[in-house]
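Since the structure comes first, as structure tokens, the remarks are kept for the end.
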Amino acid sequence: MNVLLCATCGTRLTEPVRRLDEMPEHPGWDGLPGPDGRRHAPPSVPRGTYVVDPLPFGAPFEPVGPDEEYDGIVPGGMWMSDERGFLVSAGPRGTYVLHPDDVVDIAPHSDGHRLIGCCGPDGRAGVNHVCGCGAEVAIVAADCTSGYETRLVPDAVRVEAAR
């Protein structure tokens with residue numbers, strides 16, 4: 001079991017969690033409210049676990065290269081479109097994906113633009129939660145159009161054995 005700490009101040013950001021070898025298959029979502037009454041997808045990982053996602057996640061987004069074939073399917077599902085065409089995530093790689101209930105002592109970012117979404121933040125605007133010391137540490141996705149997860153940014157945290 002491990003805990004993840006803020007790399008800036010050492011504050012513990014998670015409950016003790018066990019690392020999974022790979023991202024579980026994403027559970028289906030029926031769009032109905034969950035037990036808490038909110039509309040969000042099922043959690044990406046079970047409580048008490050985390051996984052390191054090697055794929056990019058969140059902002060910034062870059063156009064699909066002119067020589068790349070794009071079929072509309074993006075690993076991790078994070079994509080957008082604008083006047084430049086289809087955009088795919090070029091955000092941080094190696095994020096620590098956790099069940100939101102396993103994360104402690106983080107707060108919404110003061111920049112409200114980073115918290116955009118329909119029913120909660122969708123994670124597309126990049127780091128949207130901070131440690132108590134002010135360090136930008138997490139991307140929370142809890143919208144009806146996104147996964148339901150908290151991703152700790154690898155450069156902002158460190159992993160230690162739980163005591």
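Some points to look at:
- Residue within the stretch 27-43 that is part of a loop (DSSP other than H, G, I, E, B), out of contact with any strand residue (DSSP E or B) (no Cβ under 8 Å at 6 or more places or on another chain), at pLDDT 90 or above and acidic (Asp, Glu) present: no
- Contacts under 8 angstrom Cβ, first residue in the stretch 1-22 being without any contact (Cβ under 8 Å) to a residue 60 or more places away in the chain, partner surrounded by fewer than 14 Cβ atoms within 10 Å (Cβ to Cβ), 6 or more apart: 18/1
- Flag for residue 138 being buried (at least 22 other Cβ atoms within 10 Å of the Cβ) and of a type in the set (A, V, I, L, M): yes
- Hits in the stretch 134-163 - residues which are under 16 Å from residue 14 (Cβ atoms) and more than 10 Å from the chain's Cα centre (by Cα): 135, 137, 154, 156, 157, 158, 159, 160, 161, 162, 163
- Within the stretch 104-133, considering residues that are open to solvent by 30 Å² or more (accessible area, probe 1.4 Å) and part of a strand (DSSP E or B), the one farthest from residue 11 (Cα to Cα): 108
- Filter result for residue 59 (more than 18 Å from residue 98 (Cβ to Cβ), in contact with a strand residue (DSSP E or B) (Cβ under 9 Å, 6 or more places away or on another chain), modelled with pLDDT of 70 or more and part of a loop (DSSP other than H, G, I, E, B)): yes
The values are calculated or read from the model by the stated rules, or taken from the named source; none is laboratory data. Because the structure is a prediction, the values reported are computed rather than measured. Note that each Cβ is placed from the backbone with ideal geometry, even for glycine, and that neighbours are counted across all protein chains shown. Just so you know, the surface numbers come from the protein's heavy atoms only, side chains and all, with ligands and any DNA or RNA stripped out. Shrake-Rupley method; radii C 1.70, N 1.55, O 1.52, S 1.80 Å.
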